[in-house]
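A short write-up of the structure that comes next.
What follows is calculated from the coordinates using simple rules that are stated; it is not laboratory data. As the structure is a computational prediction, the values presented were derived from the model and not from experiment. Positions of Cβ are generated from backbone atoms using ideal geometry, with glycine treated the same way; all protein chains shown enter the neighbour counts.
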Amino acid sequence: MKTLSLKDHHLLKKLKSNLKAFPDLKENDRVLVSVSGGVDSVALLVLLNELDLFQLNTVHINHKLRKESDFDEQFVRDLSRDLNIPFRSKSLDPKSKPRKQSLEEWGREERYSFLKNTLTKDKGHWIMTAHHANDQAETILMNLSRKSGVAGLRGISKEKDKVLRPLLNFTKTDILNFSKETNLPYQQDKTNYDNTIPRNFLRNKILDTWENEFPEVIQGISRSSNLFCEWSDGLDYMISEFIISDLKVRDKKIVISYNLLKTIPSIVKIRLIQLITDSTNSQWSKHHMSMLLQFLDKNKSGDFYMLSNGWRLLRDRNSIKVQYPSDHVNDTAVILEKDTPTNFNSYRYEVNLQNNFKKKNYNKNCEIVDWEKLKNTTLKLRLWKQGDTFQPLGMKGHQKISDFLINEKVDCIDKESQSVLTANGKIVWVCGKRISNWVRITQNTNQIAVLSRNMVHQ
């Protein structure tokens, strides 16, 4: 490849200026450049190489979707060699694509997965892609068609999860003119002209025609995206600072009162839940948001709503409780021995002997029992199950634990992880709620034990 004289090129100066918008990006950082072989990514690689500010690595993903895919890979390999830049590639197997997933979505996920794995393997600092203003316009219009709301109007993020996109204010025309002026070699992807693909149709039939009539339209959409980002960031700031910061957390659940939900607009309700439950800031479909809003506006206590990412929302009498369920609820019983702290699900349990009969500063997570009735038994912790009964302290008769939990207003999420302590199979303690009457201390008690549980902070 011929050495290109780019020192004074206006796009080089523009790129250098754009890089200043990434405050954490430092000179000599290791940067992985995603290069397909097309004009956009090749231009980015050549410009970055000319700047000579970073340690560059080239990364190429061969999607194996076209006959020319192997030629593209070889082209990027040769280009990297000519520029003296380390090269990595991965070939995908289209047959491994899940049936319900589109090729575009599958390819994107595989691409970013490999990029991030390579970033870790090569001890890199950043990934850079060549997304530009036309890509931004396409994305925003595609999102509008999907009714993806405010998040969709943000378009492609300039920076997210170690991925930097420094060409977002470059137009496709800028890049094509640059390639002509510098005799830049690159590969053509014929599938870009397949208008049966929705994004291609939008690009070739709508945006290109629109841009021909109104040359400033791409930059206009790009600037609008920046404004949407500012408005969205402003909304997120207000929600985080003045709503989320005041929410209460009880038993690992975030509590949102109905009084609050009644006073805020629907879009704020939805965004509030998104900020609490979705750190990736992914786009939610119109249907997804509509179903969530219906749930939030219902009045039926006890209902719960499962988000696609595993978070659950529970309707209580006066609030919505938001909780991410434990990855695994242990349903295998564990033995609890005297003076031996034992973890079971989210709590650490102990049984300790004590001579003082005073119950001072104790709560439902700390109970006093008659040790004489337990010392020769095997104590076990397990989850409660249907059919369990016990005689709650102070009651004359036995009660099903299912009924007891209802009376205690234990919600359906907490019921899943409700533990009991047993002695030779007989229930001693509905943990955190009440002990059984048969282990209570009496005038004849000679030795007491303190049962305690404390939440394990993760």
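Before moving on, here are some points about what is shown:
- Segment 86-103 and segment 157-193 have Cα centres lying 22 Å from one another.
- Gyration tensor (alpha-carbon) shape descriptor, segment 10-221, a/c threshold 1.5: rounded
- Added length on full extension, which subtracts the Cα-Cα distance from 0.36 nm per residue, residue 288 to residue 233: 17.6 nm
- Zone of residue 105's modelled label, taken as backbone nitrogen in segment 274-294 under 11 Å from a point 7 Å along Cα→Cβ: 285
- Computed E for residue 13/residue 55 - FRET, C-beta separation, R0 25 angstrom, nearest 0.05: 0.70
- Charge dipole (the chain, unit charges on Cβ, about Cα centre) - positive-most of 183, 43, 347: 347
- Residue 428 long-range amide H proximity, modeled H, under 5 Å: 421, 422, 423
- In segment 23-71, the trypsin sites (Lys or Arg not before Pro) that fall in loop regions by DSSP, at most 10 other Cβ within 10 Å: 67
- Rounded tilt (10° steps) of 217-242 against the dominant C-alpha axis of the chain: 20 degrees
- For the chain, calculated [θ]222 nm from helices alone, where every DSSP H run of n ≥ 4 adds -39500 (n - 2.57): -10500 deg cm²/dmol
- Cα-based helix-to-principal-axis angle, 172-181 vs the chain, degrees rounded to 10: 40 degrees
- Relative contact order for the chain: 11 percent, from Cα pairs under 8 Å spaced at least 6 residues apart, divided by residue count.
- Qualifying chymotrypsin sites (Phe, Trp or Tyr not before Pro) in segment 361-439, DSSP loop, other Cβ atoms within 10 Å at most 13: 362
- Taking the C-alpha atoms only, the angle from helix 266-277 to the longest principal axis of the chain is near 80 degrees.
- Between residue 344 and 349, the built amide H atoms are under 5 Å apart, and every one of these is 5 or more places off in sequence or on another chain.
- DSSP bridge orientation in the chain - percent antiparallel, rounded to nearest 5: 75 percent
- Residue exposure proxy: 258, 237, 349, ordered by other Cβ atoms within 10 angstrom of their Cβ from fewest to most, comes out as 237, 258, 349.
- Taking a straight Cα-Cα cut-off under 24 Å and skipping sequence neighbours fewer than 8 places away in the same chain, the lysines within cross-link reach of residue 20 are 7, 116, 123, 158, 160, 162, 172.
- Rounded, prolate or oblate (a/c below 1.5 giving rounded, otherwise prolate when a/b exceeds b/c) for segment 127-264 by Cα gyration tensor: prolate
- Label point at residue 438 placed 7 Å out along Cα→Cβ; residues across segment 379-393 whose backbone nitrogen lies under 15 Å: 379-380, 388-393
- Rounded Å value of the spacing that divides the Cα centres of segment 223-242 and segment 386-430: 48 Å
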